[in-house]
Amino acid sequence: MKEIKAIICTMLAMFMLLLTGCSDEQASHSSTSSTDTKQAVQVEGSSDQEEDRSPSKANREDVVGEAATVERVVDGDTLKVKMLNGKRDRVRLLLVDTPETKHPKLGVQPFGPEASAYTKKRLEGQEITLEFDVQERDQYGRLLAYVWIDNELYNEELLAKGLARVAVFPPNTKYVDEFKKIQEQARKSEKGIWSIENYAQEKGYNTDAVKNQSSSKQKDTQSAKSCEGKIKGNQNSKIYHVPTGAHYNQTMNNVIWFCTEKDAQEAGYKKAKN
């Protein structure tokens, strides 16, 4: 009888071991299946993220914007673009103003054609990224944006080349401090619009300054011709020579003529010692 009980106990123990093994195998299979499912979800999610990623060449880690293709350049600071979703829109560059080329009243302003031609050369047909500020559109319905191309901010490029001035219209002022610094460098170097005295101003472009400068240059030319043979100035050294001077008849580069010594002195020239 004891032997029979021992056999029965042994069989029960073996049966319990079998049950435990099956349960572990199911749990392991379930865990593996769950892990595989999670991995599949992660891969699918990654694929979706890649599809959502903008293919723009102008992507920057610190810039959030929309990719678009420039279909046509209207003028130096206005574009017609096609968005990734196929929608077409008109874009006005933020914080910059280039001289007019098609204004019904102002007509074509100095450096307007140059700014327009440069923007056309740089942007037309190119893929860009549009970065928006606080206010997305102006009163004309145009998108207001900073334009990025090849990881460069194109608005800044126009300022650096002297083809635009800073134009501030709150609340869109994100880069205003940086833009003003770049504008100041262009102004000091007398690039583009800054080569004409008093032309580029805070509220726009003063075309009268262009007329005044042209008139002044014309008068200077006429005056120089009428004064030829009188007071001889050297534009390099800022020294002037009188007809009786020892070096008056020497050949000089960059000669400027004055009618009187007073004229030469008022222009900042000093009389030669001999």
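See the values below:
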{"item": "Gyration tensor verdict on the stretch 228-271 (Cα atoms; rounded if a/c is under 1.5, prolate if a/b is larger than b/c, oblate otherwise)", "result": "oblate"}
{"item": "Computed lengthening from Ser237 to Gln265, 0.36 nm per intervening residue step minus Cα-Cα distance", "result": "8.7 nm"}
{"item": "Relative contact order %, the stretch 66-207, counting alpha carbon pairs below 8 Å whose residues are six or more apart", "result": "23"}
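Any read-out appearing in this document is the output of simple, stated calculations on the displayed coordinates, not a laboratory observation. Since we're looking at a predicted model, the values are computed, not measured.
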